Amino acid sequence: MSVRVRRVHDPPEPEDGTRVLVDRLWPRGVSKAAARVDEWPKEITPSTELRRWYHAGEGSHEEFARRYEAEPAAPEAAELLDHVRELAAEGPVTLLTATKEPERSHTAVLARLLGA
């Protein structure tokens, strides 16, 4: 299973495989044509409440990760997470995010969940 994390602002690469945007909001300054996103499962992204809590600086990354790991347990999110896991079993999947520090964001948590 091959899952990698990249910024949506970076140009697409042939080894990206299926490109999955994992941000709830469309990234500023990126056209849909330039992003070349194959899938955008918003339901597996952090909830608006959790995202606002984390960006307000109210908690640590570890606490954010713990709270976010519980969110994809909802039936629709779990189904979409399984779908992305199936895509990764078939070939490379690149999780795309607009965040400047993907390793300290939900994308790192999501990549870990997909590998589980």
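No lab work stands behind these numbers, since they all come straight from the coordinates. In this text the structure is predicted, and so the values were computed from the model without any measurement. So basically every Cβ, Gly included, is an ideal-geometry build from the backbone, and we count neighbours across all protein chains shown.
Laid out as a table, the results:
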read-out	value
Check on residue 77, part of a helix (DSSP H, G or I) and either in contact (Cβ under 8 Å) with a residue 40 or more places away in the chain or surrounded by fewer than 15 Cβ atoms within 10 Å (Cβ to Cβ) (or both)	no
Residue within segment 40-59 that is under 13 Å from residue 95 (Cβ atoms), out of contact with any His (no Cβ under 9 Å at 6 or more places or on another chain) and of a type in the set (D, E, K, R) present	no
Residue in segment 40-52 that is within 16 Å of residue 109 (Cβ to Cβ), of a type in the set (Ser, Thr, Tyr) and touching a Lys or Arg at 6+ places or on another chain (Cβ under 6 Å) present	yes
Of residues in segment 1-36 being under 15 Å from residue 110 (Cβ atoms) and aliphatic (A, V, I, L, M), the one surrounded by the fewest Cβ atoms within 10 Å (Cβ to Cβ)	1
In segment 37-72, residue surrounded by the fewest Cβ atoms within 10 Å (Cβ to Cβ) [restricted to those that are assigned to a loop (DSSP other than H, G, I, E, B) and aliphatic (A, V, I, L, M)]	56
